[in-house]
Every structure is written in structure tokens, then in C-alpha cells.
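The values are calculated or read from the model by the stated rules, or taken from the named source; none is laboratory data. Just so we're clear, the structure is a prediction, and the values are computed from it rather than from any experiment. Here the Cβ positions follow ideal geometry from the backbone for every residue, glycine too, while neighbour counts run over all protein chains shown. Note: areas computed on protein heavy atoms with side chains; ligands, DNA, RNA excluded. Shrake-Rupley method; radii C 1.70, N 1.55, O 1.52, S 1.80 Å.
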Amino acid sequence: MEITLVLGDITEERVDAVVNAANSSLLGGGGVDGAIHRRGGPEILDECRKLRASHYGGGLPTGQAVATTAGALPARWVIHTVGPVYSATEDRGDRLASCYRESLRVADELGAASIAFPAVSAGVYGWPMDDAARIAVGTVRRAPTQVTDVRFVLFNRDAYAAFARALDAP
Ligand code: AR6
């Protein structure tokens, strides 16, 4: 597996699967979620609504992942995952790690060879970037997956630097 860092907008990545930092409603929001639905168009929301009706009436649980079409994005699928809201008093790192593991498991089911991840939970959900990066890189490195091309797409230089430090760590 090759892991690369990209500074930019995840909706522009030409990969098999783009991961969305969604919320459990699967009905959209701000940040990455807003950008993916805006650029990908209404087909993605249509499939999300169907998934809610068929499987996730109570919402997609934190740490899980589910795929839809990528609509008009230059990708084949969007894999929606729900990160945990950061807590200073409770360790929710296992649930953040689960987002990466489950996204890769879904990617394997789809037969995806390449995947682009955002820094899940490190925006609206408040996760400190260095810790989010350490969990993301550590989990992906250890995941049993057929995916050969993993990209972390970071929206600003601070996020990029945090992921670069995590990648340099043994
Ligand atoms: N490409 C790459 N990274 C981006 C982009 C983009 N287009 N836009 C933002 N980021 P967030 P979360 C970065 O808030 O913390 C939504 O409302 C951003 O700077 O998108 O998991 C959902 O519906 C940050 O570093 O996701 C949920 O309610 C990182 O992506 C909630 O936000 C993640 O920020 C999820 O919050």
C-alpha cells in the first residue's frame, strides 16, 4: 500500500472511492459533506435517502461506513462514514479508528484500488488535528485491505503538516 498526502479539495480527487465525513442522518451538512453533495449532485442524496429507508432508519452509527454512487464527482463511489465528536473527557479514538477500518472494508467489498480520505472528525467535530492524523495514519497502515493507493486529502497547510508528522512517526 502506498500512502500519499494531498493538499487540496477532496471533491477533485480521481480515485475509486472518496470518503465523506458525514453525520448519522446521511442527509448532508457542512464541511466535506457539504462539498461532496454540492459537487456530486442530487444522485448521492437520493441514494442516501434510500439507505436510510432500507437500513439506517435510526441513523448510520458512529464508526460505521456505507457506500453510494459518487454522482458527478470524478470517483466511482462515495463511502460515507460518521466520525465521533471529540471529547476531552472520554477516549473515543477507537471509534475514529473504526471509521478508517470500516471505510477500507467497504472499499474492499466494492473492489476499489484507490481511496481518498479527509481528516475525519477534525473539523466541525472538533478533533485536535495531530491526534486525528496519528489515528488515521496508524489505523490505515495496520488495516488488512486490498486497497493499494490511499490518499489523505488535507484542506490546509496545518492539516497537511500534522499528517506529514504522523506519516514520519515509526
Ligand atoms: N476537501 C478536503 N477537506 C476538507 C474539505 C474539502 N472539500 N472541506 C473541509 N475539509 P468536517 P467532521 C476539512 O467538518 O469534523 C458536517 O456538517 C476540514 O477543514 O468536514 O467529521 C457533517 O455533516 C477538516 O479538517 O468533518 C457532520 O455533521 C476535515 O475536512 C460534521 O460536519 C473534516 O471536517 C462532521 O464533522
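Taking a ≥ b ≥ c as the square roots of the Cα gyration tensor eigenvalues, with a/c under 1.5 meaning rounded and otherwise prolate when a/b beats b/c, else oblate, which class fits region 49-101? Don't skip to the end; give the middle numbers.
Working: a/c = 3.04, a/b = 1.64, b/c = 1.85.
Verdict is oblate for region 49-101.
Given contacts defined as C-alpha pairs under 8 Å and at least six residues apart, what's the relative contact order of region 1-113, whole-number percent? Kindly include the intermediate steps, with their values, before the conclusion.
Working: 180 pairs, mean separation 33.3, N = 113.
For region 1-113, the relative contact order is 29 percent.
V15: accessible area at probe 1.4 Å, nearest 10 Å²?
Ignoring ligands and nucleic acids, V15 comes out at about 10 Å².
Any idea how far apart A113 and V6 come out in nm if each label point goes 7 Å out from Cα toward Cβ?
1.6 nm
If amide H atoms are built 1.01 Å from N in the plane of the peptide, which residues on other chains or at least 5 residues away come under 5 Å of the amide H of N20?
For N20, the qualifying residues are I79, H80, T81.
Kindly state, to the nearest 0.05, the FRET efficiency for V85 paired with D130, given R0 = 25 Å and r defined as their beta-carbon distance.
On the way: r = 18 Å, r/R0 = 0.71.
It comes out at approximately 0.90.
Using θ = phi - 60° and the Karplus relation 6.51 cos²θ - 1.76 cosθ + 1.60, list the HN-Hα couplings for region 16-31 in order, rounded to whole Hz, with x at every Gly or Pro.
Result, ordered by residue: 5, 10, 10, 8, 9, 7, 8, 10, 5, 5, 6, 9, x, x, x, x Hz.
Quick one: pull the percentage of alpha-carbon pairs in region 102-170 with a separation above 16 Å. It would help to have the intermediate numbers written out before the result.
On the way: 1083 of 2346 pairs.
Taking all Cα-Cα pairs of region 102-170, the fraction more than 16 Å apart is 46 percent.
Calculate one ³J(HN,Hα) per residue across region 37-44 by plugging θ = phi - 60° into the Karplus curve 6.51 cos²θ - 1.76 cosθ + 1.60, and present them in order as whole Hz with x for glycine and proline.
For region 37-44, the Karplus curve yields 5, 5, 7, x, x, x, 4, 5 Hz.
Using alpha carbons only, how many degrees (0 to 90, rounded to 10) separate the axis of helix 129-142 from the longest principal axis of the chain?
Helix 129-142 sits roughly 80 degrees off the main axis of the chain.
Among DSSP bridges having both ends in region 12-81, what percentage is antiparallel? Round to the nearest 5. Kindly include the intermediate steps, with their values, before the conclusion.
Numbers: 5 of 11 bridges.
Antiparallel: roughly 45 percent of the beta bridges in region 12-81.
For a test of the definition: using alpha carbon positions, the gyration tensor, and the 1.5 limit on a/c, classify region 24-152 as rounded, prolate or oblate.
Working: a/c = 1.58, a/b = 1.22, b/c = 1.30.
Judged from the Cα gyration tensor, region 24-152 comes out oblate (a/c at least 1.5, b/c at or above a/b).
Between the DSSP loop rule and a limit of at most 10 other Cβ atoms within 10 Å, which chymotrypsin sites (Phe, Trp or Tyr not before Pro) in region 52-130 are left?
Numbers: sites: Y56, W77, Y86, Y100, Y125; in loops: Y56, Y86, Y125.
Sites meeting the loop and neighbour criteria: none at all.
What are the ³J(HN,Hα) values, in whole Hz, obtained from phi via the Karplus relation 6.51 cos²θ - 1.76 cosθ + 1.60 with θ = phi - 60°, for each residue of region 90-100 in sequence order, with x given for Gly and Pro?
10, 7, 10, x, 5, 6, 5, 4, 4, 4, 6
Is the shape of region 1-99 rounded, prolate or oblate, going by the alpha carbon gyration tensor and its root eigenvalues a ≥ b ≥ c, with a/c under 1.5 for rounded and a/b larger than b/c for prolate?
Cα axes put region 1-99 in the oblate bin.
Count neighbours as other Cβ atoms within 10 Å of each site's Cβ, and list the trypsin sites (Lys or Arg not before Pro) in region 6-110 that are DSSP loop with at most 16 such neighbours.
Details: sites: R14, R38, R39, R49, K50, R52, R76, R92, R95, R101, R105; in loops: R14, R92.
Sites meeting the loop and neighbour criteria: R14.
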